[in-house]
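What follows draws every value from the coordinates through simple rules; no lab data is involved. Quick caveat, the model's predicted, so the values are computed rather than measured. Positions of Cβ are generated from backbone atoms using ideal geometry, with glycine treated the same way; all protein chains shown enter the neighbour counts.
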Amino acid sequence: MHIERVNSAYRLAFIIAFVYAVWTFAPVVGPHVRTYFEVVAANSRRSVAVQPGKVSARFVEATLEPNGFQPGSQLRCVLADRNWDYVCSYMPAPRQSRTTLQFGVTVDATQVLQVSRAVPLGSEIPPPK
C-alpha cells in the first residue's frame, strides 16, 4: 500500500469528522457566536461614535491613557446612556487581578471637562457635580 493512499484516507476521515462536528454543534453554538459578534460590533460602533459638538471616545481614551493608567489596563470609552457623555472602563492592576472599574466623563468640543470617581463595573456611577 502506498503512503499517498494512507494519507488520503486519513485526510478524508478527518474531513468527514469535521463536517459531522460542525453539523452537530452548529445549532447549539451558532446563536451564541452570532450574539457575541453582534455585541462586539455594537460596542465597536459605540466606541467610535461621536456626539455632535463633542470630542470622540478615542480622543477621551488618548487624553486619559497617559495619566496614570498602567500598560495593559485596556482603557475603553463608550457613549453613555445618561448623566455623562462617555463611560470608560479599565483594569487598575491587569497583571494581578481581572477586576474592572468604570468612570464617567464629560467633554465639550475640544477637551475633557470632568471625570467621576471610579466604581466597580456594573455599579451606578455618581452623577456629575
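I'd like to compare 96-108, 76-88, 112-124, 14-26: which one has the highest average count of other Cβ atoms within 10 Å, and what's the full order after that?
Numbers: 96-108: 15.7, 76-88: 19.1, 112-124: 12.7, 14-26: 10.1.
So the peptides 96-108, 76-88, 112-124, 14-26, ranked by packing, come out 76-88, 96-108, 112-124, 14-26.
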Summed over the other residues with a beta carbon less than 15 angstrom from that of residue 70, with K and R at +1 and D and E at -1, the charge totals +1
Lys and Arg at +1, Asp and Glu at -1: neighbours of residue 54 with Cβ under 9 Å from its Cβ sum to -2
Checked against the positive end of the charge dipole of the chain (+1 on Cβ of Lys and Arg, -1 on Cβ of Asp and Glu, about the Cα centre), the farthest of 79, 25, 96 is 25
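Would you mind calculating the relative contact order of the chain from Cα pairs under 8 angstrom and at least 6 residues apart, reporting the percent as a whole number?
Working: 160 pairs, mean separation 19.1, N = 129.
With pairs under 8 Å counted, the relative contact order is 15 percent.
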Rounded to the nearest 10, the angle in degrees between the Cα long axis of helix 3-48 and the longest principal axis of the Cα atoms of the chain comes to 20
